[in-house]
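Visitor: This is the structure, below, for whatever I ask next.
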Amino acid sequence: MDPRIVRTQPIPGQKPGTSGLRKKVRTFEQTGYLENFVQSVFDTQPELSGGALVIGGDGRYYNRDAIQTIVRMAAANGVRQVLIGRGGILSTPAASCLIRKYGTQGGLVLSASHNPGGPNGDFGIKFNVSNGGPAPENVTEAIYARTLTIERYLTLEAPPIDLEQLGTQRLGPLQIEILDPVADYADLMESLFDFDAIRYLFDSGLFRMRFDAMHAVTGPYAIEILERRLGAEPGTVINGEPKEDFGGGHPDPNLTHAPELVAMTRGADALDFAAASDGDGDRNMILGKGFFVTPSDSLAVLAANAHHTPGYRNGIVGLARSMPTSRAADRVAEQLGVECYETPTGWKFFGNLLDDGRITLCGEESFGTGSSHVREKDGLWAVLFWLNLLAVHQQSVEHIVRNHWQRFGRNYYARHDYEGVDAEAAERLIDDLRGRLPGLAGTTLGGREVAFADDFAYTDPVDGSTSAHQGLRIGFADEARIVYRLSGTGTEGATLRVYIESFEGDPARHDLETETALAPLVAIAREFAQIEARLGRVAPDVVT
Ligand code: G6P
Ligand code: ZN
């Protein structure tokens, strides 16, 4: 079983985005497309030769084929051991957990997260480094640079490995371990949260919840943890069977893409608690009875209450949020007397802060929340954290959040997405806006005084690396804020994201509809960027 050298040539466009290389399945199916990228990982990460690698994905279409290709290439590239979730399944946080627990040199995570799957859908591949987190930019840049010069890749002629059989197999010198994808992750969760208290909550019979796995990877994880270990009634997990095309749905847990679940939290028979996760299990949406918790608020509430859970009983050392995430977390950090770091969008920016022991919790407006327990955001972790708080406080979700606002004030928040717009027009819009920012501070927009306006750049406090052009910020004197940014995760055209936030300290004004509270700022944001004239869109496609 000698390695075979296959001639290839560079394929343009293999630059990893916010979260790995994400393209249409059809693109990945082109000859040499996956191979070029995987070989570029091996060529730039020499520690993988003789090392161990975790491999798994969210089970979407092409997952199994990709794993077979990667395993043959790993063997040919001298990898010593691969750890693979049975059936090729690993949620993104579970992959991170395995990399850390077994001390591997990294992992390949196969997912396009919340993007639709199936033959006409999306696929993705992401390299995670030995801390369990997404590769930092210097690594993704090196991989990309390699894809531009690649001339050959290494593989083997071999029959497919058996992905269903737990235990050890061999492919030449490569040792293949097929693991239960759920067990290690579930054990980790059990070590962080008060499972007895949560079990008691379910046993009481007074508490009803549903978890929507959206036919994606979290089904088996949620069934094991919620229904088996915590004793929630069977059927608590809905859409729990992973499907290659996610049942035709869009596995993105938000108010637009999970309407059935949202409906279950309303009306006479409303659930007490509902939650959902995305394609690869790293996102979460939290709902109470008739009540939606924004991801930004969720991060702030978890931070303020962390000491009520066993895993964080000693409190938190610091917090981080991505720049467009609302500043609700900053207020908690201030009261706790800890730092709140503001990073660019993308989980990878939290890695150094976590590794350096500067933060315990972190989160993003894009339905991502996580902590130092792994190096990815973690959907089920957030759900269990909320369950732990509900069990401890014996209060409703709404009550907990309203108490939080009373204490810290409320950050009204919304994100408006203009999807699939002309990429050039969107880039021109951002470029022109950038040019108009200097000199804006001190003037007024729509009657509001601008306190600052800038093109967000980040210097990592741990390694000093810098990332420029991470979004345009306009901050107002009354603590309102507008942020403009182009998405880095789309696969067609461009998506303009406009993030709008206002702060309200007066509890008497915490009951407004978000839309009402933000209407004046929304108007300013649309007008200032000339969205309709430039993109031909009168309204956003998705509001979250
Ligand atoms: C992925 C990343 C997140 C990011 C999100 C949105 O989920 O892991 O870190 O916040 O995509 O990114 P985008 O560039 O589309 O706004
Ligand atoms: Zn995801």
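Visitor: For the peptides 84-97, 409-422, what is the packing order when you average, over each peptide's residues, the other Cβ atoms within 10 Å and list the highest mean first?
Guide: 84-97, 409-422
Visitor: Each residue of the stretch 21-36 in order: what ³J(HN,Hα) in whole Hz does its phi give by Karplus 6.51 cos²θ - 1.76 cosθ + 1.60, θ = phi - 60°, with x for Gly and Pro?
Guide: Whole-Hz 3J(HN,Hα) from phi for the stretch 21-36: 8, 10, 9, 4, 3, 4, 5, 5, 7, 4, 4, x, 5, 5, 4, 4.
Visitor: Let me ask another. Considering the zone a paramagnetic label at GLU398 would reach in this model (a point 7 Å from Cα along the Cα-to-Cβ line), which residues of the stretch 243-274 have amide N under 13 Å from it?
Guide: Correct set: 265-273.
Visitor: Amide H to amide H under 5 Å from ASP278: which residues, 5+ apart in sequence or cross-chain, H placed 1.01 Å off N in plane?
Guide: Placed amide hydrogens put ARG283 under 5 Å from ASP278.
Visitor: For the stretch 4-181, max minus min Cα coordinate along each principal axis, in Å, sorted largest first?
Guide: Result for the stretch 4-181: principal-axis Cα extents of 39, 35, 30 Å.
Visitor: Follow-up. Hey, with R₀ at 60 Å, roughly what FRET efficiency would PHE452 and ASP187 work out to, going by the Cβ-Cβ distance, to 0.05?
Guide: Here the calculated transfer efficiency is 0.85.
Visitor: Just to be sure I understand the model, the point goes 7 Å from the Cα along the line to the Cβ. What's the resulting GLU233 to ASP245 distance in nm?
Guide: 3.3 nm
Visitor: While we're on this one: For the chain, compute the number of Lys pairs whose alpha carbons are separated by less than 23 Å, excluding pairs fewer than 8 positions apart on the same chain.
Guide: 20
Visitor: Got a sec to turn the phi values of the stretch 221-238 into Karplus ³J(HN,Hα) couplings, 6.51 cos²θ - 1.76 cosθ + 1.60 with θ = phi - 60°, whole Hz, x for Gly and Pro?
Guide: Karplus values, whole Hz, x for Gly and Pro: 5, 5, 5, 4, 6, 6, 7, 7, 6, 9, x, 5, 4, x, x, 4, 8, 10.
Visitor: For the chain, what proportion of DSSP beta bridges, expressed in % and rounded to the nearest 5, is antiparallel?
Guide: Looking only at bridges with both residues in the chain, the antiparallel portion is about 70 percent.
Visitor: Okay, moving on. Taking a ≥ b ≥ c as the square roots of the Cα gyration tensor eigenvalues, with a/c under 1.5 meaning rounded and otherwise prolate when a/b beats b/c, else oblate, which class fits the chain?
Guide: oblate
Visitor: Each residue of the stretch 195-206 in turn: what ³J(HN,Hα) in whole Hz from Karplus with 6.51, -1.76, 1.60 and θ = phi - 60°, glycine and Pro shown as x?
Guide: Once rounded to whole Hz, the list reads 5, 5, 5, 5, 4, 4, 4, 5, 5, 4, x, 9.
Visitor: Can you list residues whose amide H is under 5 Å from VAL237's amide H, if they're 5+ apart or on another chain and H is modeled 1.01 Å from N?
Guide: Long-range HN contacts for VAL237: PHE211.
Visitor: Can I ask one more? Label ILE5 and ALA158 with points 7 Å out from Cα along Cα→Cβ: what is the distance between them in nm?
Guide: Placing both labels 7 Å beyond Cα along the Cβ direction yields 2.1 nm.
Visitor: Can you give me the long-range amide H partners of GLY318? Hydrogens built in the peptide plane at 1.01 Å from N, cutoff under 5 Å, separation of 5 or more residues or another chain.
Guide: THR360, LEU361
Visitor: Gain in length, GLN165 to VAL538, computed as 0.36 nm per residue apart minus the alpha-carbon separation, to one decimal in nm?
Guide: 128.9 nm
Visitor: Between TYR102 and THR491, how many nm apart are label points set 7 Å from Cα along the C-beta direction?
Guide: The modelled label-to-label distance comes out at 2.7 nm.
Visitor: Counting only DSSP beta bridges with both residues in the stretch 185-408, tell me the antiparallel percent, nearest 5.
Guide: 50 percent
Quick note: the coordinates plus some simple rules give every number you see, no bench work behind them. No experiment lies behind these values; they were computed from the predicted model shown. Note that we place each Cβ from the backbone using ideal geometry, even for glycine, and neighbour counts take in every protein chain shown.
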